[in-house]
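The values are calculated or read from the model by the stated rules, or taken from the named source; none is laboratory data. Please read all numbers here as calculations on a predicted model, not as lab measurements. Cβ coordinates were reconstructed from backbone atoms using ideal geometry, including for glycine residues, and neighbour counts include every protein chain displayed. Remember, those area values only see protein heavy atoms, side chains included, never the ligands or the DNA or RNA. Shrake-Rupley method; radii C 1.70, N 1.55, O 1.52, S 1.80 Å.
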Amino acid sequence: MKPSKARPGLTSQDEDEPLTKTVLAARAVRAAILRGDIRQGEHLSVTILAARLGMSPTPVREAVRTLQAEGLIMQTPHHTLSVIKLSAQDVRDIFVIRQQLEPLAT
């Protein structure tokens, strides 16, 4: 593997490409959701998230789309964004599916 010419902290651990603001925003929001800083069911605003992250709304809006695709954020018909709510049954179902898929992945 060739050495990266980018500055430390500005590249992905898996790739030699520089991280974009969208990737950084997605990582920050994902981490806040997983830590519980942003709670399940909490309504989100791109403008407020952008201000918290010190970014313009455009990369944050793209990051929100990424997190929607991952299933962490949902959008209602009137463009309201919120963090998904998982029930205990949802969590059990996820673990059952992972239990069946992980052996196949290896």
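What the table shows:
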{"read-out": "Under Karplus coefficients 6.51, -1.76 and 1.60, residue-wise ³J(HN,Hα) of segment 80-92 in Hz, glycine/proline x", "value": "7, 9, 8, 6, 5, 10, 10, 7, 4, 5, 4, 5, 4"}
{"read-out": "A31 versus S56: modelled label distance in nm, points set 7 Å from Cα along the beta carbon direction", "value": "2.4"}
{"read-out": "Within-15-Å neighbourhood charge of A32 [Cβ basis; K, R +1; D, E -1]", "value": "+2"}
{"read-out": "Computed P(r) (all Cα pairs; segment 18-71; 5 Å bins; percent)", "value": "4, 22, 34, 28, 10, 1, 0"}
{"read-out": "Largest to smallest accessible area among I97, I84 [probe 1.4 Å]", "value": "I97, I84"}
